[in-house]
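*Asks:* Okay, handing you the structure first.
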Amino acid sequence: MEYIFRDIEDLITPVGNFNVYYADKKIPFSVIRNNFDIPYGEINISDTYYILISTSDLEIGSVYRVAFSCGEWEFEDSDEHTDCYCSVIENWAVGIGAYDPNDDEKTAQIYQYSKLNSFNTLRCPDKYDESKFISHIIETLPENNGYSFRMLDKSREYIQFPVAWIEINEYSAETYKNALGFWLT
């Protein structure tokens, strides 16, 4: 693994910063390049990374946040256990994604709950049985500018979040947001 940055508290972009927090205190993280840089149509990206948070530094049961410092964020895309959110700030599209290690278990519990209650459509239970979950429980922040996660165990060496940003120039802002969705999920 080749690090771009190690033990930093701010991943600086042209329009804001990505940070990791425990309560309101910034905690250090590392950054590696995301090698999934396949062109989206004719759009290429150079600024696509993973934020890596070492689980050895985290406490089981504690809640952490990964967030961007500004902008209005919205859901962009999802695919097999991942989703991502994006924002257009000035002439830049910025995004963050996350992998949910418990997505399959949540889906199984949704089916079981819906069947048990004879619902005609799938419904989430009021509360999941977390005893079957692994690694961490992830949730989108209310502002959609990142994620919170609660550590369950240290079965993974790192918790990672793909992030990317790209300047809006030749194409519409929507096209660049779609490109981020492609690269981050």
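The values are calculated or read from the model by the stated rules, or taken from the named source; none is laboratory data. Given the structure is predicted, the values throughout are model-derived calculations rather than measurements. Note that each Cβ is placed from the backbone with ideal geometry, even for glycine, and that neighbours are counted across all protein chains shown. With ligands, DNA and RNA removed, areas are computed over all heavy atoms of the protein, side chains included. Shrake-Rupley method; radii C 1.70, N 1.55, O 1.52, S 1.80 Å.
*Asks:* Residues that are at pLDDT 95 or above and open to solvent by 70 Å² or more (accessible area, probe 1.4 Å), at least 2 per element: which strands (runs of 3 or more DSSP E) completely within the range 1-59 meet that?
*Replies:* 3-8
*Asks:* Which one of these does ALA93 not meet: (1) modelled with pLDDT under 95; (2) open to solvent by less than 20 Å² (accessible area, probe 1.4 Å)?
*Replies:* (1)
*Asks:* Can you find a residue that is surrounded by 15 or more Cβ atoms within 10 Å (Cβ to Cβ), on the phi < 0 side of the Ramachandran plot and free of Cβ contacts under 8 Å to residues at least 40 places away in the same chain anywhere in the range 67-89?
*Replies:* Scanning the range 67-89 turns up no residue that is surrounded by 15 or more Cβ atoms within 10 Å (Cβ to Cβ), on the phi < 0 side of the Ramachandran plot and free of Cβ contacts under 8 Å to residues at least 40 places away in the same chain.
*Asks:* Still on this structure: Tell me whether the range 116-138 contains one or more residues that are closer than 27 Å to ARG33 by Cβ and either free of Cβ contacts under 8 Å to residues at least 12 places away in the same chain or polar (S, T, N, Q) (or both).
*Replies:* Yes, the range 116-138 contains a residue that is closer than 27 Å to ARG33 by Cβ and either free of Cβ contacts under 8 Å to residues at least 12 places away in the same chain or polar (S, T, N, Q) (or both).
*Asks:* Name every residue in the range 14-69 that is over 15 Å from GLN160 (Cβ atoms) and small (Gly, Ala, Ser), in order of residue number.
*Replies:* Once the filter is applied, which keeps residues that are over 15 Å from GLN160 (Cβ atoms) and small (Gly, Ala, Ser), the range 14-69 yields GLY16, ALA23, GLY41, SER46, GLY61, SER62, ALA67, SER69.
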